[in-house]
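Read through the structure below, which is laid out as structure tokens, and then see the notes.
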Amino acid sequence: MFAKKNSQMLFDFVINHPWKTIFLCLLGIVFVGSYLRFVAPSISYKDLLGADHPKLIDYESIQSEYTRDDNLLILIEAEEGTVFIKLILEGVRELTEELWETPYSIRVDSLTNFQHSIAVQDDLFVADLVEADNQLTEAELERIKNIALSEPLLLNRVINKNGNVTGVNVSFDFPNMDANEKIEAVQFVEDSVARLQSNIPGIQTYVGGLIALDATIMKISQKETGMFLGLVMLIVVGILAFLLRSILPLMASVLVFVFSIVAGVAFSGMLGWKLTPITASVPMIVLILAVADCVHFVTSFQQYYSKDATKIEAIQKALGVNFQPIALTSITSAIGFMTLNFSESDSIGALGNQVAFGIMVAFVLSVTLLPALIRVLPIKKRNKSIFIFSKNYGTFASFLAKYPVSILVVSGATALLLGYFMQNNEFNDEVPKYVAKSLPWRQANDFAEEQFGGAYTFTYSFSSGKSDGVTDPEFLEKAERFVNWLRSQPEAVYVNAATDTFKRLNKNMHGDDPAWYRLPESKQLAAQYLLLYEISLPPGLDLNDQISLDKSALRIQVVFKTLSTTEVMQMEQRIDQWLAVNTPEVHVLGSGVQLMFAHMMNKEVKSMVLGAFLGLLVISLLLIGAFRSLRVGLISIIPNLLPVITAFGVWGILVGQIGMGLAMVSGMTIGIVVDDTVHFLSKYLKARREQFLDANEAVKYAFNTVGPSIVLTTFVLIVGFMAITLLSEFRVNSDMGKMTSIVLFLALILDFVMLPTLLMLFDKKQTIPKVEMSPTLSLKC
């Protein structure tokens, strides 16, 4: 009663003081929107995963010890023959020198500046493999080719087995890890590579690497929060204009959409969160979900206004009939999105919280700003329903009433049969496939995998536990065994380790005799070789990419062919088991970008299923309390849960692979699909309790009053999420849009088929009107 009284006071204020209401709403939006200035883009792993993610901590620990993995990889392909021709090698050498000028670069490695060592009598001579004054005769080109294709530190890293593709790797150290810094570096490199491409005929070039991926994802994020948002807005508004056939209420609704989007994005500024590739979809999701609140109010207003009600009466009735269901659907949708906080990714949790905030702002505006705007706008009365699909709902309800058992059995069996195929799904993801094939980075990465055999890098810090311990022969022998075991794995395509450098130096110092290509036999020799080699290296090409600064540890990098999430975890387990058995006394720290994401995604399913379950439990208890009926509340669980189960079954049939984008669908969609159930049940219970209709007639009443709005909102939601699917070049978002569209479509069917038949069969108890006894009758009794 208290809540009803307060809501009526709100209605009265909005209707009687529309301009004050509009002013207060605008004031609130200006205040919230002021936090937009604190919203900044980010593509750092800290913002994606969370600063306390264990594998991120390991990753940063390794990065602090050695040359950072942040890189750009330029690939140069000879369209005919090999790259070992004078024109191409001179171009690669010039490009290598030019790329040292790249902003924030700290190292450039290529075929031409590989520090090749040879023995000249008792001296060690170290120089670029392709020196600036080299005339590159046929004999010299053949020598360079033979060295490159036999050197384990070069093969499958900067030269492929066929010799027709070479790479130039640029390493970076960004002072602020800022997105703009990375974009600046990528632009410089792309310009340099474009000049190389134009100067040398017969080559193809590609730019890949982690920094190019970061820049690509950043551009996707900017596009999705800009151009794509505008396009989705046009699509949604166009559909609503066509279906509603009423411009002024639509214009008022658009303001609610825009202000809700502002609130959702500004919420990240309030809490100090960054705009990441995942949260870039917040504006589009808030826009799509805000539609439902406005459509239900506008269609109800038009239905009442087209009859005998005045504008004020129509607004009052529309608020009265929609306030509770809109409040409930907004709360349940917010709860659904807040289950994303169970995710291992901080960014996914931020997505849920921002959308939840945007949804609640949309609710507030749809019951304050929207009716106030409609109150002051010159909206003409219409004598017919504005919704073009408003017929035949009663006929459909009558059909359901004839065969409720058969329809329930068939629909339930079909849903469960499809749900059975959930087990076909395998939780696997491949990080490189997050971006669309049409993008240059994806093409570069796919080409690199094809030519070099893999792109998944695991990095291990193999520590001796003491300064200068890397020259200890016993320690080097353990590292060598680990390297050899890694190379023996069928998935491994390249291993980079300083043990190969030690073996090459030992051979050099023994007259380049191949028989001495083995580790030095004493610590003194190893230390002497290392010192000689280091003082011969040019600036910028030191051994910090392989050896820690205090020479206590070696960095061992292994590149694997493309692995799924499951295979990454299995490979890590195999490596850890080998280390535990063979080198238990050595402290080894392992990490890598793919390892970080694999660990996150490995836990994602359990986390998100738990979140979805708790979300459904909270939502169900909320509905039982709101509807004041245990029976109806329990009935509502079935059409709320089955769409998600059935959708994952359909996905299991069609695709069978679940990635990060789908992991968050279960929780967020449960909150969305509840919307249709709430609106249908609110009208159903209104008919049962206020008009005292039986279950069949109450179902028919619900179909006639809210059926058109449910169809309209679901249609707009599906089109909106499909727009995300079609437009987004980031697979996490496109998969989420695709699966959400499937869930919403199935939810509409189940809400229109299974929910009514469940009510007809299990809510037959007739509601009897209460008869108030007069004082006279009481006395006679």
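The values are calculated or read from the model by the stated rules, or taken from the named source; none is laboratory data. Small disclaimer: the values here were computed from a predicted structure and weren't measured. Here the Cβ is made from the backbone with ideal geometry for all residues, glycine too, and neighbour counts use every protein chain on show. Accessible surface areas use protein heavy atoms only, side chains included; no ligands, DNA or RNA. Shrake-Rupley method; radii C 1.70, N 1.55, O 1.52, S 1.80 Å.
Hey, Gly652 hits all of (1) closer than 24 Å to Phe342 by Cα; (2) open to solvent by less than 20 Å² (accessible area, probe 1.4 Å); (3) modelled with pLDDT under 90 but one; which does it fall short on?
(3)
Is it fair to say Leu744 is crowded, with 21+ Cβ neighbours inside 10 Å, touching a residue at least 60 places away in the same chain (Cβ under 8 Å), part of a helix (DSSP H, G or I) and of a type outside the set (Ser, Thr, Tyr)? Show your work before the answer.
Values: crowded, with 21+ Cβ neighbours inside 10 Å: yes; touching a residue at least 60 places away in the same chain (Cβ under 8 Å): yes; part of a helix (DSSP H, G or I): yes; of a type outside the set (Ser, Thr, Tyr): yes.
Judged against the criteria, Leu744 is a match.
Filtering region 153-197 down to residues that are part of a loop (DSSP other than H, G, I, E, B) and basic (Lys, Arg), which residue is surrounded by the most Cβ atoms within 10 Å (Cβ to Cβ)? Walk me through it before giving the result.
Quick first cut of region 153-197, residues part of a loop (DSSP other than H, G, I, E, B) only: 153-154, 156-158, 160-164, 173-178.
Applying the additional criterion that residues be basic (Lys, Arg) yields 157, 161.
Working: Arg157: 23, Lys161: 13.
Top of the filtered list is Arg157.
Going through region 120-152 one residue at a time, which ones are in contact with a Ser or Thr (Cβ under 8 Å, 6 or more places away or on another chain) and surrounded by fewer than 16 Cβ atoms within 10 Å (Cβ to Cβ)? Even if it seems obvious, please write down each step before you answer.
Start the filter on region 120-152 by keeping residues that are in contact with a Ser or Thr (Cβ under 8 Å, 6 or more places away or on another chain), which leaves 124-126, 128-130, 145.
The one that is in contact with a Ser or Thr (Cβ under 8 Å, 6 or more places away or on another chain) and surrounded by fewer than 16 Cβ atoms within 10 Å (Cβ to Cβ): Phe125.
Among the listed residues Val568, Val558, which satisfies the condition of being over 23 Å from Ala127 (Cβ atoms) and either of a type outside the set (A, V, I, L, M, F, W, C) or in a strand (DSSP E or B) (or both)?
Numbers: Val568 fails: either of a type outside the set (A, V, I, L, M, F, W, C) or in a strand (DSSP E or B) (or both).
None of the others qualify; the one that does is Val558.
Of all residues in region 525-556, which are among the polar types (S, T, N, Q) and in contact (Cβ under 8 Å) with a residue 40 or more places away in the chain? Outline the logic, then answer.
Let us first name the residues in region 525-556 that are among the polar types (S, T, N, Q), namely 528, 536, 544, 546, 548, 552.
Ser536, Asn544, Gln546, Ser548, Ser552 - these are the residues of region 525-556 that are among the polar types (S, T, N, Q) and in contact (Cβ under 8 Å) with a residue 40 or more places away in the chain.
Residues checked against (1) modelled with pLDDT under 95; (2) part of a loop (DSSP other than H, G, I, E, B); (3) loosely packed, with under 15 Cβ neighbours inside 10 Å; (4) aromatic (Phe, Trp, Tyr):
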site: Val32; (1), (2), (3), (4): no, no, no, no
site: Ile43; (1), (2), (3), (4): yes, yes, no, no
site: Leu48; (1), (2), (3), (4): yes, no, no, no
site: Thr67; (1), (2), (3), (4): yes, yes, no, no
site: Ile76; (1), (2), (3), (4): no, no, no, no
site: Val83; (1), (2), (3), (4): no, yes, no, no
site: Thr96; (1), (2), (3), (4): no, no, no, no
site: Pro103; (1), (2), (3), (4): no, yes, yes, no
site: Ile118; (1), (2), (3), (4): yes, no, yes, no
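Residues being in a helix (DSSP H, G or I) and farther than 23 Å from Ile106 by Cβ: count how many of those fall in region 202-224.
Here is the first cut: in region 202-224, the ones in a helix (DSSP H, G or I) are 210-224.
Next cut, farther than 23 Å from Ile106 by Cβ only: 219-224.
Selection size over region 202-224: 6.
Could you check how many residues of region 690-719 are closer than 26 Å to Leu616 by Cα and either open to solvent by 50 Å² or more (accessible area, probe 1.4 Å) or not in a helix (DSSP H, G or I) (or both)?
The number of residues fulfilling the criteria is 1.
What's the total number of residues in region 249-281 that are more than 15 Å from Ile235 (Cβ to Cβ), among the aliphatic types (A, V, I, L, M) and at pLDDT below 90?
Total meeting the criteria: 3.
Between a first residue in region 48-64 that is closer than 18 Å to Leu351 by Cα and in contact (Cβ under 8 Å) with a residue 24 or more places away in the chain and a second residue that is open to solvent by less than 50 Å² (accessible area, probe 1.4 Å) and of a type in the set (Lys, Arg), which pairs have beta carbons less than 9 Å apart while being 6 or more apart in sequence or on different chains?
Leu49/Lys55
Just to be sure, is Ile200 out of contact with any strand residue (DSSP E or B) (no Cβ under 6 Å at 6 or more places or on another chain), surrounded by fewer than 21 Cβ atoms within 10 Å (Cβ to Cβ) and either within 29 Å of Gln594 (Cα to Cα) or in contact (Cβ under 8 Å) with a residue 12 or more places away in the chain (or both)? Talk me through it step by step, then tell me what you get.
Working: out of contact with any strand residue (DSSP E or B) (no Cβ under 6 Å at 6 or more places or on another chain): yes; surrounded by fewer than 21 Cβ atoms within 10 Å (Cβ to Cβ): yes; either within 29 Å of Gln594 (Cα to Cα) or in contact (Cβ under 8 Å) with a residue 12 or more places away in the chain (or both): yes.
Here the answer is yes, as Ile200 does meet what is asked.
Please count how many residues of region 443-453 are without any contact (Cβ under 8 Å) to a residue 40 or more places away in the chain and either under 30 Å from Lys523 (Cβ atoms) or buried (at least 19 other Cβ atoms within 10 Å of the Cβ) (or both).
Start the filter on region 443-453 by keeping residues that are without any contact (Cβ under 8 Å) to a residue 40 or more places away in the chain, which leaves 446, 450.
Narrowing the set further to residues that are either under 30 Å from Lys523 (Cβ atoms) or buried (at least 19 other Cβ atoms within 10 Å of the Cβ) (or both) leaves none.
Qualifying residue count, region 443-453: 0.
Could you grab me the full set of residues in region 417-453 that are closer than 30 Å to Val495 by Cβ, within 23 Å of the chain's Cα centre (by Cα) and not charged (D, E, K, R)?
Hits for region 417-453 are Phe427, Asn428, Val431, Pro432, Tyr434, Val435, Leu439, Pro440, Trp441, Gln443, Ala444, Asn445.
Being of a type outside the set (Gly, Ala, Ser), crowded, with 19+ Cβ neighbours inside 10 Å and under 17 Å from the mean Cα position of the chain (by Cα) is the filter here; which residues of region 603-633 pass it? Outline the logic, then answer.
From region 603-633, those of a type outside the set (Gly, Ala, Ser) are 603-606, 608-610, 613-614, 616-619, 621-624, 627-628, 630-632; that's our starting set.
Next, from what is left, pick out any that are crowded, with 19+ Cβ neighbours inside 10 Å: 604, 608, 616, 619, 623, 627, 632.
Of everything in region 603-633, those that are of a type outside the set (Gly, Ala, Ser), crowded, with 19+ Cβ neighbours inside 10 Å and under 17 Å from the mean Cα position of the chain (by Cα) turn out to be Glu604, Met608.
Could you please find all residues in region 594-630 being at pLDDT below 85 and either assigned to a loop (DSSP other than H, G, I, E, B) or acidic (Asp, Glu) (or both)?
Glu604 - this is the single residue of region 594-630 that is at pLDDT below 85 and either assigned to a loop (DSSP other than H, G, I, E, B) or acidic (Asp, Glu) (or both).
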